[in-house]
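Take a look at the structure set out below.
The values are calculated or read from the model by the stated rules, or taken from the named source; none is laboratory data. Here the structure is a predicted model, which means the values were calculated and not measured. Don't worry about glycine lacking a Cβ; one is built from the backbone with ideal geometry, like all the others, and counts go over all protein chains shown.
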There are 2 protein chains.
Amino acid sequence: MKTNEPRQHATDSPTRRDEIVAAAVPVFLRFGYRKTSMDAVASAANLSRQAVYLHFPGKEALFAAVVDSLCQSTVALAHSALWREGLTLDDQLLAAFDETMPDESMELLAELLDTARSLVPDAVANIDALIVGEVANRLRAALGRRKWPLADVTVEEAAQVLQGASYGIKQQTTDRSAYLAGMRSAIELVLHATGLTP
Amino acid sequence: MKTNEPRQHATDSPTRRDEIVAAAVPVFLRFGYRKTSMDAVASAANLSRQAVYLHFPGKEALFAAVVDSLCQSTVALAHSALWREGLTLDDQLLAAFDETMPDESMELLAELLDTARSLVPDAVANIDALIVGEVANRLRAALGRRKWPLADVTVEEAAQVLQGASYGIKQQTTDRSAYLAGMRSAIELVLHATGLTP
DNA sequence: ATTTGACAGAATAGACCAATTATGTAAAGT
DNA sequence: ACTTTACATAATTGGTCTATTCTGTCAAAT
């Protein structure tokens, strides 16, 4: 049985493996999967190319780890925004979607997503669901002990609608302010429909 | 001054020009802009290639007419669904979005949209706005003489949220039934928020 | 009004080859 | 634990060439 010690706390010093992944993330985001070379990742991590191969069997495995890391940090980002202090509920929701949406001006996002889908399908399929879960939790918490007022729409479905609206509005708007305005409308509608605005 | 007689009623017999456009629409939708030849369009219209050039100065002009026609018919489709008899309001809304969304499995849609954007930017920019307007009109009509209950969200913005949600949900779901379920949730939320469901 | 046949020039697709670059493995060194 | 150097193989890129297709225009025919 391998001593497969999982890190107990996030405060543990990061593994070399984690450092490599952390360094690889921006490289993959910037150049896409195909045009990212193991050399580039190694340089970004201040390591030799062979050192990377000591920790990952190949490019695909490295990329899978990168995608996994991205998913985790994205969900963490959403969680952080959803419970950020000093913001009203609608601003928390807005921040959560705003800060977790993929950056604009990424031509390679399609390529990256395609590769991820064919290489680590589970992670990609779940990232959206995880964020929806976070949002649903936040809505439930805001509801407190009150009863959910909608008969035909569950909390999760409401969160899903918000996420869908975020995606769609992102596509249809050009500048960030238009996106924020659209999303604010969507959030207002959902909160109003669920009685979460006084 | 040219006798540029516009057709007075939609009941006029269609021009040969219109016939060509009508025949060209499915061809462009099927093959995209680049891989659609004037020959293919002419064949689809049961005409010679030269006959097409008699009515359109070139491929670009033909395509512009096709895009225009598509926009018009899409808006007409939305309108028809929004006022369809025998359906409840939420079903009308659902049908409107369902029937006007671009068909699935279109790899060429991106190419088509790009070409259209660079060739007839106005039409593409307006089609979404037109549909939103139709939806907003329907919502206003459903409201009757009642007052719009939302202070921070206009009717147009509510319609825009629905449209954005439709786009986003379309992307995130795979099968039609999931899309319909998601859209139904979105519509319920909006109608509930605006007091249009008893 | 539309067709047929014909045409020059532009664009596209396919094939092929050479040069470069990337992947993954290995051995020896610090 | 990592570096350096080296290497075989695969993948990518760039270039050139040819053949084909497409556009847009013309003239003659019905």
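Figures for the structure shown
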quantity: Spans of helices (runs of 4 or more DSSP H) in the range A:35-124 with at least 3 residues closer than 30 Å to A:A141 by Cβ and away from DNA strand C (no atom under 16 Å from the Cβ); calculated: A:59-82, A:89-100
quantity: Residue in the range A:175-198 that is farthest from A:V153 (Cα to Cα), counting only those that are facing chain B (nearest Cβ under 10 Å) and under 21 Å from the mean Cα position of the chain (by Cα); calculated: A:Y179
quantity: Residues within the range A:23-55 that are near DNA strand D (Cβ under 10 Å from one of its atoms) and acidic (D, E), tallied; calculated: 0
quantity: So A:D122, is it among the acidic types (D, E), without any contact (Cβ under 8 Å) to a residue 24 or more places away in the chain and more than 16 Å from DNA strand D (Cβ to nearest atom); calculated: yes
quantity: Residue in the range B:116-131 that is away from chain A (no Cβ under 12 Å) and either in contact with a strand residue (DSSP E or B) (Cβ under 6 Å, 6 or more places away or on another chain) or acidic (D, E) (or both) present; calculated: yes
quantity: Pick from the range B:56-85, criterion within 11 Å of DNA strand D (Cβ to nearest atom) and among the small types (G, A, S), ranking: farthest from B:E99 (Cα to Cα); calculated: B:G58
quantity: Single unsatisfied condition, B:A165 versus (1) at pLDDT below 95; (2) within 8 Å of chain A (Cβ to nearest Cβ); calculated: (1)
